[in-house]
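Engineer: Starting off with a structure, shown below.
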Amino acid sequence: MFEANRVLDASFPRDDMEQLWEGIVNNHYVDEAAYLDSLLSLASPTDDQRRSIEERAMGLIRSVREQDDSVHMVDALLQEYSLDTEEGVLLMCLAEALIRIPDAHTADLLIRDKMGDADWRRHVGRSESVFVNASTWGMLLTGKVVKMDPGLEAEPRTVWQRLVNRCGEPVIRKAMYQAMAIMGRQFVLGRTISEALSNGRESRDQGYTYSFDMLGEAALTEQDSVRYFDDYWTAIEAVGGDTYPRGQQPVPSVSIKLSALHPRYERSQEDRVREELVQRLKRLVVHARGHGVPLTVDAEEMDRLELSLEVFGAVYQSQEAKGWGELGLAVQAYSKPALPVLCWIAALARKQGDRIPVRLVKGAYWDTEIKHAQVLGVEGYPVYTRKEGTDVAYLACARYLLSEHAQGHIFPQFASHNAHTVASILDMGHRLKAEFEFQRLHGMGDALYAAVMEKVPDVPVRIYAPVGAHKDLLPYLVRRLLENGANSSFVHRLVDADTPIEKLIGHPADALQSYSQYPDPRIPLPPDIYGEHRRNSRGHNLNVLCHLRPFLKALEKWQGHQWQARPIVDGQARDSSTTTDIQSPYKRDQVVGKVSWSRADLIEDALATAHQSFESWNQTPAEERARCLERYGDLLEANEHELIALCSREAGKSLLDGIAEVREAVDFCRYYALQARKHFADAELLPGPTGESNEYYLEGRGVFLCISPWNFPLAIFSGQIMAALGAGNCVLAKPAEQTSLVACRAVELMLEAGFPSGVIQYIPGDGAGIGKQVLPDE
């Protein structure tokens, strides 16, 4: 774990780039509670500092609430239709869906189906915003007042249906699209960079500067990346050639996303990324430097953090960027490696002697990061599960950025719409006499930063302004609404006059420590998402080095290994006269192992053994059978690197496919173990399917022949066998001939897990029809 509490100590190894890099790597899934305890020492203020921060925050909030006319209409909209209401969620989902629907007919059906489900009437007249009432979301922001009879007794669905019947779905659909265009104009400064520069002049006259973000991310094709590159190139030219006089304000900058510049921006393609993407970024640096336009590399998903830093470091240390000091990047404080990242950036700048601008944000992909970790089945989350944890981490990072250890090497740019956070930055900056600037999003935080600029006019404020067509708005718009549409968000509560100011000025360190648990117990760790009775299968994230490096090392021992597969009858490997070399499908000169095929007499022995074992196994308590399934699943995980290597070498699977193969097999084991306990342990208490005796209901049926396909050599092979064994049946397992080695190793692990030797028989076949005379009707 990175020792956050030591970063300001004289003994901290602040110039050891390798050690700092390992701090980034090792902090990806660090224990949340232990690490937050370390961060609290940096984020917690003294009593005097606490009072000063509270006074500043109260002053800012009062100023915001006094600016009735300047509270942005989007803030008012989010306040009225927050995501804790049915209407807010419905509108969010509908807006997202309509952008994705390609034809008018389907859009009309969606509107008819969904929009009558909510109580729109209760929102009419509740907001003081003309925008919300005149074109309220309740009547789909039609751009005109839709009057409703206050005495109308009909149900909201009836009111809605009358409106739809009178206007027709096409009219409503156009209104919805218009509504989204209205929303888009609040979040996007212009459709083109020229339009954005023109629209931004009024704010620049007020003292603001800009960072222009060309909408578009995650290029899927080379054509996408070329188009995004051209957009950045054009934006740099336009900003550099803008005729607005350059005065005391900082120069406008351009923000870029590395994922927009390369269609395979991922760890598995790091050689291409280091060659192609680094060169593209260098070209933009030269172009921007020549036009006097600063560049900022935007933050993206956590899987790309380390790769982004590697690309940034390569370009920053290149001749194209040396001596410039205007190539910056964004860091997300909700990520556990954020503080070690800042320490690494400071060391990089100190080593080269150039300054690096750093935009510190709280983070924009929280929902995605949580779900992604759960899907991967990793040990923890790369982000904090409580909002207060993110706020504490932000203040800890801010303290480091404003300290003497970072000043002069990093220029901090603090992006936040939280008045308490802003007040904390102002207090720290004043005490430490540090240089910094604030940043806010276009369309949000207008009132807050109007107050900031009035109270501290010497602190620059930069507006992060998206630029692009509304069709490219969706990912950005959804993130903004998710961040600020919930009633727990500071943006929502700031403009809510019913929220007492005292509730907005509490320090996040106090709030965090008030919880008995820092990791939010409502968000179980990825291994525990299925509850106490079933553990999630363990996965690996090969995009991050803390998983990739040990994973590849564990695979090395299996690269030259050769496996031997023979029929297994009654727990014993049986010799056969026919043996075949198994060659790797992607490297035909590589022998993976040898398989001995089953003879007819071996199949007869296997079938007889299974029949003899059925009654005993069927009468084995369900709990004992379930434990066998679970032990097999545990053994699959314990031997996962061997199995993944074998799946790769025999079946031609990629490493990611191999991981998924093992995980699916493990999930089958644990799922069917749970079902065995649920349905078979109390079978005698349940009636039969039609009321008759349940003698054979929820009991084993006999001997099953399980034939599995080559493309899922472990998952489907294990899944069908575990279902049969868990129900009390015996199995003859016949895998696809192409993947008989994987199947044999699986059966060996089944026997090791404690399945009786008579219940599982392994009978590999070479496709020549052996055994047809033995098993014609089974």
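The values are calculated or read from the model by the stated rules, or taken from the named source; none is laboratory data. Treat the numbers as computed from the prediction; the structure is a model and nothing was measured. Because the Cβ atoms are built from the backbone with ideal geometry, glycine has one as well, and the counts that use them run over all protein chains shown. Ligands, DNA and RNA are excluded from the accessible area calculation, which covers all protein heavy atoms including side chains. Shrake-Rupley method; radii C 1.70, N 1.55, O 1.52, S 1.80 Å.
Engineer: How far is it, in nm, from the label point at Lys678 to the one at Thr578 when both lie 7 Å from their Cα along the line to the Cβ?
Structural biologist: 4.2
Engineer: Evaluate the charge dipole of the range 247-379 about its Cα centre and quote only its size in Debye, nearest 20, assuming +1 on the Cβ of each Lys and Arg and -1 on the Cβ of each Asp and Glu.
Structural biologist: 460
Engineer: Quick one: order Ser194, Ser516, Ser654, Ser318 from most to least accessible surface, probe 1.4 Å.
Structural biologist: Ser516, Ser194, Ser654, Ser318
Engineer: Right, another one. Please give, to one decimal in nm, the separation of the simple spin-label points placed at Ala10 and Ile370, each 7 Å out from Cα toward the Cβ.
Structural biologist: 4.5
Engineer: Once phi is turned into ³J(HN,Hα) by the Karplus curve 6.51 cos²θ - 1.76 cosθ + 1.60 with θ = phi - 60°, what whole-Hz value does each residue of the range 413-423 show in order, with x for glycine and proline?
Structural biologist: Ordered by residue, 3J(HN,Hα) equals 10, 8, 9, 6, 10, 9, 4, 5, 5, 4, 5 Hz.
Engineer: Taking a 1.4 Å probe, which of Glu22, Glu437, Glu66 shows the most accessible area, and what order do the others take after it?
Structural biologist: The residues order as Glu66, Glu22, Glu437, largest area first.
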